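Structure record follows, encoded as structure tokens.
The values are calculated or read from the model by the stated rules, or taken from the named source; none is laboratory data. Values in this document were obtained by computation on a predicted structure and should not be read as measured data. Accessible surface areas use protein heavy atoms only, side chains included; no ligands, DNA or RNA. Shrake-Rupley method; radii C 1.70, N 1.55, O 1.52, S 1.80 Å.
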Amino acid sequence: EPLLFAAFATQAKLLGTDNPNIQETKKKLALCYRNQKKFASAEILFKELLATIKKHIERSRTSLVWMDELCYAEELGDLIDIYMRQTKWADAIPLSQQLLATYQSIPSNYPDQVSRPSALLTMGICYSEDGQHLLAEPLFQQALELLQTSRKHEPSYVAIVLTKQANNLAAMAKY
């Protein structure tokens, strides 16, 4: 952590905090903080990363803007993870809705067949863990359907969705 922090501080001083060339170091530092359970520090950096990417997206409205949206979605997923690890469902749920909307805006011919189901699973977990089981159930079902109909069938991911769905149904006493 001290070396990453020193590298980031030096880059920020020389290039400025919004410079795209330091964003990778910022992300590594944020992930380091997350792994050390320094969630407040990680949250700040992930929010800064999201703001930088959003500014870039707004400036560069091109036909490939969805590629920038993927970067945004990745950072959004990291911030959601921070909130989920702290059981801050009120913070995680709106961001998981935003994550799903972002993945739904990406062209359907994009080769990654797991992003949309993953976003549905994330939102389902947030709702389920927050006790909103009825809202979670259709999300798990949609994730499962997308995975089962994708060209790249991922059995291990299907197993994860089925497990979360079973846990959600058990919480609602629907066996």
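For the chain, the solvent-accessible area with a 1.4 angstrom probe is 55 square angstrom per residue.
For MET123, the accessible surface of its heavy atoms amounts to roughly 10 Å² (probe 1.4 Å, protein chains only, rounded to the nearest 10).
Here percent of Cα pairs over 27 Å apart was calculated from the structure, and among [x] 50; [y] 45; [z] 34 it sits at label [z].
Can you put ARG116, ARG34 in order of accessible area, largest first, using a 1.4 Å probe? Display every interim value, and only then the final one.
Working: ARG116 65, ARG34 35 Å².
These residues rank, largest area first, as ARG116, ARG34.
Using the Karplus relation 6.51 cos²θ - 1.76 cosθ + 1.60 with θ = phi - 60°, the per-residue 3J(HN,Hα) values for region 129-141 come to 5, 7, x, 9, 5, 5, 6, 6, 3, x, 5, 4, 5 Hz, with x marking Gly and Pro.
Roughly to the nearest percent, how much of the accessible area of the chain is carbon and sulfur, given a 1.4 Å probe? Carbon and sulfur: 57 percent of the exposed surface of the chain. Ligands, DNA and RNA aside, CYS71 has an accessible area near 70 Å² when probed at 1.4 Å. Across the cross-link table entries LYS13/LYS54; LYS13/LYS88; LYS38/LYS174; LYS38/LYS164, which are compared at the Cα atoms, the separations over 31 Å belong to LYS13/LYS88; LYS38/LYS174.
When the surface is traced with a 1.4 Å probe over the full set of protein chains, TYR157 keeps roughly 40 Å² accessible.
Backbone geometry of region 98-104 corresponds, through the Karplus equation with coefficients 6.51, -1.76 and 1.60 at θ = phi - 60°, to 3J(HN,Hα) couplings of 5, 4, 4, 4, 5, 5, 6 Hz, x marking Gly and Pro. In summary, the aspartates and glutamates within cross-link reach of LYS28, defined as a Cα separation below 17 angstrom excluding same-chain residues under 8 places away, comprise GLU1, ASP18, GLU43, GLU48, GLU74, GLU75, ASP78, ASP81.
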